Amino acid sequence: MPELPEMENYRRLLSQHIINVPITGVTVNREKTINVDKDVFSQALLGARVVFVERRAKYLLFHLNDGRRLLLHLMLGGMLFYGRADERPARSTQVELVFGDHILYFIGLRLGYLHLVSVKEGEALMGKLGPELLDRRMTLERFQQIMSKRRGALKSTLVNQQVFAGVGNCYADEIAYEAGLLPSALIQNLTPDSIVRLYDSVRKVLSDATEIGGYMEMPFKTGDTVTGSYNDQCKVYDREGEPCLRGGGTIVKIELSGRKAFYCPDCQHEQ
């Protein structure tokens, strides 16, 4: 599932190409992907312009010039591609938005969705989310304060969208590895030094992953060499049985609160 770095990468790329370009065509191939009748959806978007693309957690909000929003959540398997009709990816698309001679293809939204919402509806949905880990207001002091009120496993805390917004399975494991902590380490048992280490790891992993395009498997557009570059940079996620890059250990996979978790038993610890 795309997480904060993937969605921030998409936000940056979309902002370079679709801002203030009129939407000249709308195709809805799967009505369950949207939240209103497809004719209503199309009529609302034809001629409209995206004036701003916002990311919040794992969501993208396309701010339209009439004040409404398109709310996108890619869920598991969703992705975006922007190109001409002759560059159309060999994948099923659920929604297509035409911006002049280019089309924004919404792909793999079997679980994901693209909803047309009012400002109030969008704010209500986003208001349920926790703070952003890369926000400048997320200081070490604020991070320490939030963690001091939590109990339970580290990974479960990191992926809880009401605690922190934007982190999922992959980056929770990568953050724990960077901090030298087990994904099962209990928050209430972490030392002050461990919390500082964890904070630094959060900032490093998410920043590094964002800068190199996250782990998406398909480029955003023809010639895009950035999107997905983090795929080969994961230290533990999806690397079961491979040697630890710090040396000595072998990456293992466990199930933790119904989620898979990857870690090195040699260099990751309870504190």
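Things to note:
- Output for the stretch 14-41, where each listed residue is outside any loop (DSSP other than H, G, I, E, B), more than 14 Å from residue 54 (Cβ to Cβ) and of a type outside the set (Gly, Ala, Ser): 16, 17, 26, 27, 28, 31, 32, 33, 38, 39, 40, 41
- Test: residue in the stretch 248-257 that is touching a helix residue (DSSP H, G or I) at 6+ places or on another chain (Cβ under 7 Å) and open to solvent by 80 Å² or more (accessible area, probe 1.4 Å): yes
- Residues that are more than 15 Å from the chain's Cα centre (by Cα), touching a residue at least 40 places away in the same chain (Cβ under 8 Å) and under 22 Å from residue 105 (Cα atoms) within the stretch 220-262 comprise 221, 222, 224, 226, listed in sequence order.
- Test: residue in the stretch 84-93 that is more than 19 Å from residue 128 (Cβ to Cβ), in a strand (DSSP E or B) and in contact with a helix residue (DSSP H, G or I) (Cβ under 9 Å, 6 or more places away or on another chain): no
- For the condition within 23 Å of residue 125 (Cα to Cα), out of contact with any helix residue (DSSP H, G or I) (no Cβ under 9 Å at 6 or more places or on another chain), among the polar types (S, T, N, Q) and open to solvent by 40 Å² or more (accessible area, probe 1.4 Å), residue 15 qualifies.
- Only a single criterion out of (1) over 24 Å from the mean Cα position of the chain (by Cα); (2) of a type outside the set (Val, Ile, Thr); (3) buried (at least 19 other Cβ atoms within 10 Å of the Cβ) is not satisfied by residue 43, namely (3).
- Apart from one condition, residue 86 fits all of (1) surrounded by 15 or more Cβ atoms within 10 Å (Cβ to Cβ); (2) within 23 Å of residue 13 (Cβ to Cβ); the exception is (1).
The values are calculated or read from the model by the stated rules, or taken from the named source; none is laboratory data. Everything numeric here is computed off the predicted structure, so don't read it as measured data. All Cβ positions, glycine included, derive from the backbone under ideal geometry; neighbour counts span all protein chains shown. For accessibility, only protein heavy atoms count, side chains too; no ligands or nucleic acids. Shrake-Rupley method; radii C 1.70, N 1.55, O 1.52, S 1.80 Å.
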